[in-house]
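The values are calculated or read from the model by the stated rules, or taken from the named source; none is laboratory data. Since the model is a prediction, treat every value here as computed from it, not as a measurement. Every residue, glycine as well, gets a Cβ built from its backbone with ideal geometry; the counts of neighbours run over all protein chains shown.
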């Protein structure tokens, strides 16, 4: 067993000695997660940059916006424009001296709002307008009460008591779309991270199958078998090496996306179980591909092409929920679709082990078939001239 793991360790080290593998295994997946989250992710916090002198208006508007769970940043005029231009703020608000004076006098309030190019910028701009209207309404009420004989502090206290006693009108919007309900509450980067785990675990494994061919071509396998190492140990070590590469890729994406993007995997232990099971499938597929082909460049090309096609068909690039019914049925000929469903059940519905048992069972069946076939073809390839 020690010999088997030693061979697996050599395979893992050989994989990462290729600098292109380092980029595509460590950097590229996180860039894709970031891109998907930036373009299509939801659940991000609204961000507003306020510009203006320290005044009652700035303090009141910032407090009103923060009550609506909006991230408010006090900045200078140039900093605000940079934040909006770079997408780090959805909206910039300029509070000039005239606006501050108008608020103090109870006059009409006019704010200069600069909206960014983000999809939600117009919505955030409307939130600013609503907050400003709330402030002017409250200020008008205070002025009316002080005109009636109350002092300003007593008037504000009375309004606070009235708001606590009287329930304001409430608008509740219920989206009847099943797809909207399926993705509701999903974090900005959650879907992208799950999809990229499935995509890159399989893609990295298949593209890395070229090392099996290189081992035979360079005589590494022959020298290994010349040592006191049986064919079974050699095949087992190469298989565990494929599994180590696939599992490392998946674990790395999960850990990095959690730390960098705050991805919520639901039950992490179950998510890891799905990833490792899918890694077994990917390891078996890599063994088959690296055994039936004798050209390393061809194996890398076929691996990338096959990995991308299966990922697209299996929902690792586009949610299965958006597939037509017929195509969704066809997608389940791939292990990717079953892994996608299992991760979705864990992430979106707090699924338990019982909930994902059907998906795990199918993935284990894929893994057994591919690992047995891969071991058989790999054993035969060790004796084949190349």
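Table: residues versus (1) without any contact (Cβ under 8 Å) to a residue 60 or more places away in the chain; (2) over 21 Å from residue 357 (Cα atoms); (3) buried (at least 16 other Cβ atoms within 10 Å of the Cβ).
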site: 240; (1), (2), (3): no, yes, yes
site: 246; (1), (2), (3): yes, yes, yes
site: 253; (1), (2), (3): no, yes, yes
site: 282; (1), (2), (3): no, no, yes
site: 306; (1), (2), (3): no, yes, yes
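Condition test on residue 125, is it more than 32 Å from the chain's Cα centre (by Cα), part of a helix (DSSP H, G or I) and modelled with pLDDT of 80 or more? Taking the combined requirement at face value, the residue does not satisfy it.
Name the residue that is surrounded by the fewest Cβ atoms within 10 Å (Cβ to Cβ), counting only residues in region 65-81 that are modelled with pLDDT of 85 or more and assigned to a helix (DSSP H, G or I).
Our first condition is that a residue be modelled with pLDDT of 85 or more; within region 65-81, this holds for 65-66, 70-81.
Cutting the leftovers down to assigned to a helix (DSSP H, G or I) gives us 65-66, 77-81.
Details: 65: 23, 66: 13, 77: 12, 78: 9, 79: 15, 80: 23, 81: 17.
Within region 65-81, the match that is surrounded by the fewest Cβ atoms within 10 Å (Cβ to Cβ) is 78.
Can you confirm whether region 185-199 contains a residue that is at pLDDT below 70, in contact with a helix residue (DSSP H, G or I) (Cβ under 9 Å, 6 or more places away or on another chain) and more than 21 Å from residue 380 (Cα to Cα)? Among the residues of region 185-199, at least one is at pLDDT below 70, in contact with a helix residue (DSSP H, G or I) (Cβ under 9 Å, 6 or more places away or on another chain) and more than 21 Å from residue 380 (Cα to Cα), which makes the answer yes.
Do the conditions hold for residue 269, that is, is it free of Cβ contacts under 8 Å to residues at least 12 places away in the same chain and assigned by TED's automatic domain parsing to the domain that holds residue 353? Let's see the steps before the verdict.
Values: free of Cβ contacts under 8 Å to residues at least 12 places away in the same chain: yes; assigned by TED's automatic domain parsing to the domain that holds residue 353: yes.
Judged against the criteria, residue 269 is a match.
Taking residue 13 and the conditions (1) at pLDDT 80 or above; (2) surrounded by fewer than 17 Cβ atoms within 10 Å (Cβ to Cβ), which numbered condition does it fall short on, given that it satisfies the others? Unmet for residue 13, out of (1) at pLDDT 80 or above; (2) surrounded by fewer than 17 Cβ atoms within 10 Å (Cβ to Cβ): (1).
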